[in-house]
Amino acid sequence: MDQAAKLRELIKNRRNFPLEIEVGNEESSSNDTKVICVTSGKGGVGKSNFTINLGMELIQLGKRVLIIDADLGLANIDVILGTVPKYTLLDIIHGNRSIEEVIATGPNGIQLISGGSGVLELVDMPSDTIHQLIEKFALINTYADIILIDTGAGLSSSVISFVLAAQDIIIVTTPEPTSITDAYAMIKTINLQEKNKKLKVIVNRVENIAEGDSTFEKLNNASNRFLSLNLQSLGYVFDDSNVSRSVKRQSPFTLEYPNSTASKNIRQIAAKLLNDIYHLDTNEPNNLEGFFKKLVKFFK
């Protein structure tokens, strides 16, 4: 009965998502949690809202998703979700609470850990405490298949540390010239620290397909010419009034308005992303323990 239920759910999901992906592949059922960092060169591009709705669509594709809100200054994932976390990353670091206690659950089963000032605590942490912390975070493998790290915006050391620690990086930009410039500055900074990092780009709030393609080409051409770096386009999200309506209601637009243009865009992006991380990048490590070890190393 359980297998039949899973099969019906799989068929239901495939009807909703046109791209051909294997939801139940071996990689996804392993304990190797994938870590994806979502960042931007500047604030106000819709990064956090994109992260939440991407998570919602990944759940629809059969994944257990955990978002870590790593924005030190303007952590707002909980506000957008209408969820109030009782504890934060700081409670894990100080040993006051377990991983299970710190994880808050939002709509549709999406999970959240609020980072806050706990991220800064990593800087002065002794080695033995760091080792214990990494062991604690390894338990997330039992709760999530995919972790989405929502960083702050800009080029601060904490943001760059999170970005460099992750194998998969999504950079969110808009067609505005200042946003494109800041996105390129982020790409250049990442490339200076680590050559040939695979960077995926989302263009948010586009008016039409041509604008989305043009914005990506501007970034990719500059990266290709001056950094010898090829970017990957994950797609674009149309400027949709339903997005702002859902923010006011403190509910993801993919839940409030599942048939909206923006929701359909996110659905395609989620399917393409899964195809990438479970099929195209199978030879490259992208696991939870490796991420946290690299992260702490950067902070030290």
5 Å is the cut-off here: which amide hydrogens, built 1.01 Å from N in the peptide plane, fall below it relative to SER40, excluding neighbours closer than 5 in sequence? GLY154, VAL172
Would you mind checking the pairs LYS86/LYS200; LYS42/LYS86; LYS34/LYS86; LYS200/LYS297; LYS86/LYS195 and listing those with alpha carbons more than 31 angstrom apart? LYS86/LYS200; LYS86/LYS195
Under a point spin-label approximation (7 Å from Cα along Cα-to-Cβ), what is the LYS86-LYS297 distance to one decimal in nm? 3.7
Points 7 angstrom from Cα along the Cβ direction at HIS94 and THR142: gap in nanometres? 2.5
If we count other beta carbons within 10 Å of each Cβ, what is the order of GLU211, GLU135, fewest first? GLU135, GLU211
Given the options ALA270, ILE190, TYR257, identify the residue whose Cα lies farthest towards the positive end of the charge dipole of region 184-283 (+1 on Cβ of Lys, Arg; -1 on Cβ of Asp, Glu). ILE190
As I understand it, the dipole of region 62-108 uses +1 on the Cβ of Lys and Arg and -1 on the Cβ of Asp and Glu, about the Cα centre. Which of ILE92, ALA104, VAL65 lies farthest toward its positive end? VAL65
Given unit charges at Cβ for Lys, Arg (+) and Asp, Glu (-), the dipole magnitude of region 133-280 about its Cα centre in debye, nearest 20, is 100
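Just so you know, all these numbers are worked out from the coordinates, no wet-lab data involved. Keep in mind that what you see is a predicted model, and the values were worked out from it rather than measured. All Cβ positions, even for glycine, are placed from backbone atoms using ideal geometry, and neighbour counts span all protein chains on display.
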